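Step one of this worksheet: look at the structure below.
The values are calculated or read from the model by the stated rules, or taken from the named source; none is laboratory data. Model, not experiment: these values are computed from the prediction. Here the Cβ is made from the backbone with ideal geometry for all residues, glycine too, and neighbour counts use every protein chain on show.
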Amino acid sequence: MIVSENIPFIKKWISEEKEKGKSIGFVPTMGALHAGHLELMQKAKKENDILVASIFVNPIQFNNPEDLKKYPRTPGQDKKLLEDIGCDLVFIPQEKEMYPEGEVIKEYDFGELTNVMEGKFRPGHFNGVAVIVKKLFDIVKPNRAYFGEKDFQQLAVIKKLVEMEKIPVQIVPCPTVREPDGLAMSSRNKRLSPEQRKAAPFIYQMLQETKKRRDHLCVRPLRQMIINRFEGNDNFKLEYFEIVDDVNLQPISAWNNKVGTVACVAAWIGNVRLIDNLRII
Ligand code: AMP
């Protein structure tokens with residue numbers, strides 16, 4: 001496995017592989033890798049000749065300095081996991097290379113897509129994600145790039161970015177990987193205390209409850225019921241719980257079996273913020 005921070009080297013190596021007719025599958029990450037990330041890697045490896053991963057904790061997508069500071073970093077373990085699954089190239093850029101001094105950061109307009117949920121509660125977050133993903137795509141020039149449905153709104157933003165910038169890449173969505181008790185795998189789970197970790201599967205239980213009650217309750221009372229359940233649980237501070245369409249991610253007011261529908265949640269356990277979602281139609 002090649003490990004490199006050198007952008008000209010990476011570009012040259014990849015372009016030579018592409019000239020030989022090899023396809024490139026790419027998985028961008030922020031490291032602290034877990035089985036969810038590895039599932040994306042395995043899929044990318046299976047569907048392409050070459051697997052390229054990147055590890056970069058992107059400072060401009062953090063709207064909370066504390067979150068950036070405390071974001072888990074496990075570079076040694078990450079490299080070992082990537083080596084073990086047969087990753088061909090891992091790109092670990094330096095911050096100053098990705099954001100040269102004096103560079104003016106591009107501002108995207110994703111319209112209503114970013115006016116809700118993560119976009120609303122984490123101002124600037126998706127612009128930061130879009131900027132780094134565009135830069136990474138320009139370097140790696142993948143045929144296919146793999147993103148988790150765990151970050152459902154991010155996936156929608158990336159699809160929109162690719163369409164707006166006319167980037168020749170296929171975006172491949174990958175199902176959320178969960179712990180046996182239902183908790184969605186996340187690098188931030190490493191920050192939970194044993195008690196918080198025990199409480200955390202409540203988030204997925206509430207999403208399952210939403211799906212189960214869908215046939216018996218209208219959207220508004222069901223949403224309110226779930227909000228009340230969070231408010232009755234002292235372990236959590238709910239940031240949002242929304243039931244949205246799966247294209248524009250706008251809250252729906254009535255069930256419609258013709259529209260894909262996803263329940264999305266963000267909640268704090270102590271000072272750790274977790275998100276999750278579940279398709280209910
Ligand atoms: P991150 O390192 O958190 O930026 O995640 C890198 C990629 O892995 C993103 O496309 C995430 O959506 C995806 N990912 C993170 N956690 C999971 C999970 N539990 N299941 C599936 N994909 C995930």
**Report entry** Failed item in (1) more than 13 Å from the ligand (Cβ to nearest atom); (2) touching a helix residue (DSSP H, G or I) at 6+ places or on another chain (Cβ under 8 Å), with ASN189 passing the rest
**Finding:** (1)
Query raised in the report: If only one of GLU165, GLU149 is surrounded by fewer than 20 Cβ atoms within 10 Å (Cβ to Cβ), out of contact with any Asp or Glu (no Cβ under 6 Å at 6 or more places or on another chain) and farther than 21 Å from ALA267 by Cα, which one is it?
Result: GLU165
Report task. Just name the residue that is farthest from the chain's Cα centre (by Cα) out of those in segment 135-159 that are within 11 Å of the ligand (Cβ to nearest atom) and assigned to a helix (DSSP H, G or I). Result -> ILE158
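Condition check ((1) in the same structural domain as PRO72 (by TED's automatic domain parsing); (2) modelled with pLDDT under 95; (3) closer than 21 Å to LEU33 by Cβ; (4) of a type in the set (Gly, Ala, Ser)) across all residues:
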| residue | (1), (2), (3), (4) |
| --- | --- |
| ASN115 | yes, no, no, no |
| GLY119 | yes, no, no, yes |
| GLY128 | yes, no, yes, yes |
| ALA145 | yes, no, yes, yes |
| LYS166 | yes, no, no, no |
| ALA199 | no, no, no, yes |
Query raised in the report: Hey, does segment 170-185 have a residue that's modelled with pLDDT of 95 or more, basic (Lys, Arg) and within 15 Å of the ligand (Cβ to nearest atom)?
Result: yes
